[in-house]
1. For the range 102-116, how many residues are among the charged types (D, E, K, R) and open to solvent by less than 40 Å² (accessible area, probe 1.4 Å)?
2. All but one of (1) open to solvent by less than 70 Å² (accessible area, probe 1.4 Å); (2) over 16 Å from Ile137 (Cα atoms) hold for Asp79; which doesn't?
3. What strands (runs of 3 or more DSSP E), lying completely within the range 50-128, carry at least 2 residues that are without any contact (Cβ under 8 Å) to a residue 60 or more places away in the chain, under 12 Å from the mean Cα position of the chain (by Cα) and under 30 Å from Pro177 (Cβ atoms)?
4. Applying the selection to the range 160-174, what residues are in contact with a Ser or Thr (Cβ under 6 Å, 6 or more places away or on another chain) and surrounded by 15 or more Cβ atoms within 10 Å (Cβ to Cβ)?
5. Out of all the residues in the range 5-62, which are at pLDDT 85 or above, open to solvent by 60 Å² or more (accessible area, probe 1.4 Å) and over 26 Å from Thr82 (Cβ atoms)?
6. Taking Val141 as the residue in question, decide whether it is modelled with pLDDT of 95 or more, under 30 Å from Tyr24 (Cα atoms), open to solvent by less than 40 Å² (accessible area, probe 1.4 Å) and among the β-branched types (Val, Ile, Thr).
7. Every residue in the range 175-188 that is surrounded by 14 or more Cβ atoms within 10 Å (Cβ to Cβ) and outside any loop (DSSP other than H, G, I, E, B), please.
8. Select from the range 150-165 the residues that are modelled with pLDDT of 90 or more and not in a loop (DSSP other than H, G, I, E, B) and list them in ascending order.
Amino acid sequence: MIKIIKGLILTTVIFNLVGCASYYSHYGSFSAQNSKGEERMFVVSWKTAEYPSWAIQDNKATEIVLETQCSQRKWKIADRATAESSCTESHQGIVACGESEADLTLSGKAITNNNHLCMAVTDNKDAQSIVELGSQISISVNCLPSKVVREEGDDKVNIDYLKASVVPYSIATRKVPRYSFADKAPFVSDKICDTGS
């Protein structure tokens, strides 16, 4: 009888450790200007694994990726649970810091270290972690690119991104089961892109 009870306890523990997560993709797209003042489409995306309330595990999330139409610069916006870095250690919430060789402060000055806050994400409930985010998020941008084009050999690569603004951008996002038919990132056309810029 004791062996049976121990077996049931062990099975329960293993079941809780393995968990039964539900996996989701989160997407949002919006139109705004890049730092040059060009109208562009922007896409935000991240993924979550959500566990039942009885499970031992905490919900998990990936970093939020912010992509700019016609640009190869992708911002990864993280919290302390998704990325251990000097940026997430230096700032609370969901954040991304600039790169000294690629970004400037709002006043146009060079960033002297990689802990300068450039982007922050939250929602109308002031979420401080990605797993807490609701369907309506806001993005604050507090940096400028030091240059919008990078030369790679004979090619010019656009690295511009979302224009800094004193008012946060508000974006509606969609939550869909991962690997479902609805799990498709918003399509962004490159027809308007000037390959010579």
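1. Within the range 102-116, the first condition is being among the charged types (D, E, K, R), and the residues that meet it are 103, 109.
Imposing the further condition that a residue be open to solvent by less than 40 Å² (accessible area, probe 1.4 Å) reduces the set to 103.
Going through the range 102-116 one residue at a time, the tally reaches 1.
2. Condition not satisfied by Asp79: (2).
3. Numbers: elements: 64-68, 74-77, 94-97, 103-105, 117-123.
Fully inside the range 50-128 and qualifying: 74-77, 94-97, 117-123.
4. First pass over the range 160-174, keeping only residues in contact with a Ser or Thr (Cβ under 6 Å, 6 or more places away or on another chain): 160-161, 163, 168, 170, 173.
Within the range 160-174, Asp160, Tyr161, Lys163, Thr173 qualify.
5. Across the range 5-62, the qualifying residues are Ser31, Gln33, Lys36, Glu39.
6. Numbers: modelled with pLDDT of 95 or more: yes; under 30 Å from Tyr24 (Cα atoms): yes; open to solvent by less than 40 Å² (accessible area, probe 1.4 Å): yes; among the β-branched types (Val, Ile, Thr): yes.
For Val141, the condition - modelled with pLDDT of 95 or more, under 30 Å from Tyr24 (Cα atoms), open to solvent by less than 40 Å² (accessible area, probe 1.4 Å) and among the β-branched types (Val, Ile, Thr) - is met.
7. The answer is Lys175, Val176.
8. Let us first name the residues in the range 150-165 that are modelled with pLDDT of 90 or more, namely 150, 156-165.
The answer is Arg150, Lys156, Val157, Asn158, Leu162, Ser165.
The values are calculated or read from the model by the stated rules, or taken from the named source; none is laboratory data. Treat the numbers as computed from the prediction; the structure is a model and nothing was measured. Ideal geometry is used to build each Cβ from the backbone, glycine not excepted, and the neighbour counts take in all protein chains shown. Just the protein is used for accessible areas: all its heavy atoms, side chains included, with ligands, DNA and RNA removed. Shrake-Rupley method; radii C 1.70, N 1.55, O 1.52, S 1.80 Å.
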